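Reading through the structure tokens given below for one structure.
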Amino acid sequence: MTLTILAALRKRIIEASVWSRARFLTMISFMTLLGGRVWTGTTCYVGVGAVGVACPLGVAQVSAATGIFNPGLAIAALAGILLSVIFGRAFCSWICPGHWLFNHAPTTAAKPLPAQPLIQSVIVGGVMGAAWLFQIPLFCFVCPAGVVCRGIVAAGIGGSILPTVGWLSAVTGTEWASGRSWCRDLCPLGALLSRLSSLNPFLKVRSNPERCRPCLACQKACAENLNLGRDTDLSTCTKCFACVSACPRDAVEIKLW
């Protein structure tokens, strides 16, 4: 019995490291191609030739700030929306460096805010309102993905990375002081992607009812505090697949649809 438990534990540790390495390598590869200017654009817009994909929130802010509708950006934003519908919030755990830098605060406030959907809607509305009021896409300047990207580009051309280090340190310090999660509770881009992810029909994690027994293993491993044996709304899932390795009964399955 002891050997069986140890073997199962070893299997979960190996699986966890595989998913973790895969996500890390994907994020590093993306940032390297972007920082090395192999691709055109920033983390808000990535283009290869005439084909581009843009952050829907970034494009919406630019349109609100300038009062100008750009058909090219609109098409790129539509491509971003389509990818979010297909893959859900995979961007958050596979591309955005914020997922790696944050979410390590003490779990003094592990549960999501009681009115999380409403609060996130207000935050998104505030971001759009600020862009219109100040005529500049303000959130793009503090978005962790954009901040890291600009830091990488600055390092490549001999510029200063102090603004990047300072801002990321401030967000990390706030997480540790509050016990809250930027990615789960406050990020307006994550909130928008969660709404789009509710349409996501593909690549979903599911609990096998024949194997699942009530416990908190998947919930403790999930940065979004999801419990597959209890929750029915999985729109906030970031497809990190940490729950697959965390389940002691191998009850978590990845479904293509």
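Details
- Residue in the range 83-102 that is surrounded by fewer than 20 Cβ atoms within 10 Å (Cβ to Cβ) and at pLDDT below 70 present: no
- For the range 127-154, the set of residues classified as under 28 Å from residue 114 (Cα atoms), open to solvent by less than 20 Å² (accessible area, probe 1.4 Å) and not hydrophobic (A, V, I, L, M, F, W, C) consists of 144 only.
- Residue 92 being touching a Ser or Thr at 6+ places or on another chain (Cβ under 6 Å) and of a type outside the set (Ser, Thr, Tyr): yes
- For residue 218, the conditions (1) in a helix (DSSP H, G or I); (2) more than 12 Å from the chain's Cα centre (by Cα); (3) more than 13 Å from residue 240 (Cβ to Cβ) are fulfilled apart from (3).
- Annotation note: Cβ proximity below 6 Å between a residue of the range 108-123 that is over 17 Å from residue 219 (Cα atoms) and open to solvent by less than 40 Å² (accessible area, probe 1.4 Å) and a residue that is modelled with pLDDT of 80 or more and part of a helix (DSSP H, G or I) (sequence gap 6+ or interchain) occurs for 120/191.
- A Cβ distance below 6 Å, combined with a sequence gap of six or more or placement on separate chains, defines the contacts here; from the range 73-98, residues that are farther than 14 Å from residue 53 by Cα and of a type in the set (A, V, I, L, M, F, W, C) reach residues that are open to solvent by 20 Å² or more (accessible area, probe 1.4 Å) and at pLDDT 90 or above in the pairs 94/23; 94/26.
- Helices (runs of 4 or more DSSP H) within the range 50-161 that include 3 or more residues over 19 Å from the mean Cα position of the chain (by Cα) and within 26 Å of residue 180 (Cβ to Cβ): 116-134
- The residues of the range 197-207 that are open to solvent by less than 30 Å² (accessible area, probe 1.4 Å) and part of a loop (DSSP other than H, G, I, E, B) amount to a single one, 200.
- With respect to the conditions (1) small (Gly, Ala, Ser); (2) surrounded by fewer than 18 Cβ atoms within 10 Å (Cβ to Cβ); (3) closer than 19 Å to residue 55 by Cβ, residue 194 lacks only one, and its number is (2).
- Residue, surrounded by the most Cβ atoms within 10 Å (Cβ to Cβ), within the range 234-254, restricted to residues that are in a loop (DSSP other than H, G, I, E, B) and over 17 Å from the mean Cα position of the chain (by Cα): 247
- Matching residues in the range 155-183 - criterion: being surrounded by 15 or more Cβ atoms within 10 Å (Cβ to Cβ) and of a type in the set (Phe, Trp, Tyr): 167, 182
The values are calculated or read from the model by the stated rules, or taken from the named source; none is laboratory data. Bear in mind that the values here come from a model prediction, so they are computed numbers and not experimental data. Note: ideal-geometry Cβ built from the backbone for every residue, glycine included; neighbour counts use all protein chains shown. SASA here: full protein model, heavy atoms, side chains in, ligands and nucleic acids out. Shrake-Rupley method; radii C 1.70, N 1.55, O 1.52, S 1.80 Å.
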